[in-house]
Every structure is written in C-alpha cells, then in structure tokens.
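The values are calculated or read from the model by the stated rules, or taken from the named source; none is laboratory data. Quantities reported herein were computed from a predicted structural model and do not represent experimental measurements. Heads up, the Cβs are rebuilt from the backbone with ideal geometry, glycines too, and the neighbour counts pull from every protein chain shown. What goes into the accessible areas is simple: the full protein's heavy atoms, side chains included, and nothing from ligands, DNA or RNA. Shrake-Rupley method; radii C 1.70, N 1.55, O 1.52, S 1.80 Å.
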Amino acid sequence: MARVTASVYSSHVPAIGVAMDLGKTDEPAYQPLFAGYEPAREWMSDNTPDVVILVFNDHANAFGLQMVPTFALGMSAEYEPADEGWGPRPVPAVVGHPALSAHLAHSVIQDDFDLTLVNEIPVDHGCTVPLSIMFGQPEAWPCAVIPLFVNVVQYPVPSGRRCLELGRAIRRAVETFDDDLDVQVWGTGGMSHQLQGPRAGLINQPWDNAFIDRLVEDPEGQAAVNHVEYVREAGSEGIELVMWLVARGAMGDLAGGVAPTEVHRLYHVPASNTAVGQLILEDASARP
Ligand code: DHB
Ligand code: FE
C-alpha cells in the first residue's frame, strides 16, 4: 500500500527560482539563504519519495477570474512550466502520476471534498520554485508530482479548518492506494508578505515563528485561526500559509497516530520582499 512518509513546507518566492536559473545563488544577497537550504536538500536526497502531492496556489497564470476553483487536482501525465510573462522557467516539465491522481479524486470526492479535476494545466512558480529549492537543477525531477491547487488569490478563500480536513482526506486516500509508494505532501506559500498597497513589504517575524510552532504542536488550534488574522498579521499574501495546513493534516497524529518528527526548520528574512520559511516533518507512524 502507499503511505505518507513526510510533509514538507516551503515558501515559493519567484526570485529564489530566478536566482537559481541565472546562477546567482552565491551572490551575497542569496548565499545565506541557499546555505540554509542545504540540510533540507541533504535530507531530501536520502528521502526522495515516489510521489509528491504538491499543494500550492496558481497566481492568475493558469486560472484567471473566469474560473476560481477552491481546490483543483491535477490529473495529467505531464505539466509544463507556465509562462508568467517572461517565458517559462528553464526547468524540467513536471511528470504526474495519473493513477494516483484518479484514486485521490475518487477517494477525496467520496470523502465529501468537491475537487475540481484538471486534465491539462501549466504550473507556475508556486509549484516549480519549491521543486528547485528541494531538488536543485536536475535534468528531470526525481519523482512524480501531483499538483493540488488551492485558491488563495480571489476571495472567498478556504478556511484553515477546511485545509486541515483536506489533508486528512488525502492521507486516507493515499493509504487506500494499492501500489507500494512513498508519498510526501508539500504545503507551499508564505511566509508573511504583502506585494501591493500601502503595506507592501510587510514582514512579521514573531507571527511567522509562532505560526510554525503552532502548526507543528497544535495544528487543530492553528486551523481555527480566521483568514482575517493571516491578512492582518502576515500581509495580504500571507494568507498563502493556510496551504501549509493541508500538508499538516496529512500527518499521522491527526489520524490517531504519533506526533511527527521535526527534522528541519529554517526561517530567513528577506528573499525579495518576503519572509522565507521551510519545515520538514517525518511521519513517525509511517516508519517500518
Ligand atoms: C512573490 C510572489 C509570490 O507568489 C510569493 O508567494 C512571494 C513573493 C514576489 O513576487 O515577490
Ligand atoms: Fe505566492
């Protein structure tokens, strides 16, 4: 059977991808950040899964205002990097896992989540930047990736509670897939940032760090936090952090198992005009 082995949490700041694409990671502005990523990359090279379910938001690159699905699941064999206005990133296409997508769709929809199913869609920096952060610049990504899109761009956005419950439903789905697969669930976006308006450049380090603490130790409590607090404390784009609750909801302690093991945490300010966070939780329940 398939199993959820870990959850990974990551900002998806486009400038981090640009720094890698242009070979600028050793420049003083970026060197400390990329040094901070090293332990996560080492862990990942020892713990590469078969499939990543990558939770992120499209930034009006694939979905415009003509369609605003709250939760949309990628069903394809392949996803091209999106052209976000300056050409697609020079990174490999994302290879999907259609059989697991089909099973996820069946199980999660029967579990009362009305997912939108997407058979053809490009993936923007929300998906490709976390892959670059974790895997560097390979010829091909080392595992299959199933994109799961969450709307945090056009209000109303889903609640933290709904995101946590979706993570639980994903775990139940993975655990009923017959193939022997190691699956990770990644939550991306954040940390605090606001890209426009009078508060552009807002960063709230105490709130960000309290968010990570609470996500690890009290996910149910964090799931009860209203979106208004995210926007007030973490900026208009800080609402992306609700997507971390999907990944947290897929950990075994929320299905009656033991607490996950924190193997890595990073908090760095700034990258571009954004606070950057990274967290890895191993699922202790999944250990053989
Ligand atoms: C930026 C864009 C993002 O989508 C994000 O999550 C963080 C930063 C940016 O344009 O700087
Ligand atoms: Fe974003």
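Of note:
Matching residues to (1) open to solvent by 10 Å² or more (accessible area, probe 1.4 Å); (2) within 23 Å of V150 (Cβ to Cβ); (3) out of contact with any strand residue (DSSP E or B) (no Cβ under 7 Å at 6 or more places or on another chain):
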{"site": "V8", "(1), (2), (3)": "no, yes, no"}
{"site": "A60", "(1), (2), (3)": "yes, yes, yes"}
{"site": "W86", "(1), (2), (3)": "yes, no, yes"}
{"site": "R89", "(1), (2), (3)": "yes, yes, no"}
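- Of the candidates M251, M191, the single residue that is of a type in the set (A, V, I, L, M, F, W, C) and closer than 20 Å to A15 by Cβ is M191.
- Neighbours by Cβ (under 6 Å, 6+ apart or cross-chain): first from segment 190-207, under 10 Å from N273 (Cβ atoms); second of a type in the set (S, T, Y): H193/T274; Q194/S236; I203/S192
- Evaluation of T261 against (1) touching a helix residue (DSSP H, G or I) at 6+ places or on another chain (Cβ under 9 Å); (2) within 16 Å of ligand 2 (Cβ to nearest atom); (3) not acidic (D, E) (one fails), failing number: (2)
Condition check ((1) within 16 Å of ligand 2 (Cβ to nearest atom); (2) open to solvent by less than 10 Å² (accessible area, probe 1.4 Å); (3) touching a His at 6+ places or on another chain (Cβ under 7 Å)) across all residues:
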{"residue": "R172", "(1), (2), (3)": "no, no, no"}
{"residue": "Q196", "(1), (2), (3)": "yes, no, no"}
{"residue": "N204", "(1), (2), (3)": "no, no, no"}
{"residue": "W207", "(1), (2), (3)": "no, no, no"}
{"residue": "V216", "(1), (2), (3)": "no, no, no"}
{"residue": "R232", "(1), (2), (3)": "no, no, no"}
{"residue": "W244", "(1), (2), (3)": "yes, yes, no"}
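- Evaluation of Q31 against (1) polar (S, T, N, Q); (2) over 18 Å from the mean Cα position of the chain (by Cα); (3) surrounded by 15 or more Cβ atoms within 10 Å (Cβ to Cβ) (one fails), failing number: (3)
- As a summary of the residue check, V185 satisfies the conditions (1) more than 16 Å from ligand 1 (Cβ to nearest atom); (2) open to solvent by 60 Å² or more (accessible area, probe 1.4 Å) except for the one numbered (2).
- Matching residues in segment 91-102 - criterion: being of a type in the set (A, V, I, L, M, F, W, C), open to solvent by less than 20 Å² (accessible area, probe 1.4 Å) and touching a Ser or Thr at 6+ places or on another chain (Cβ under 9 Å): V94
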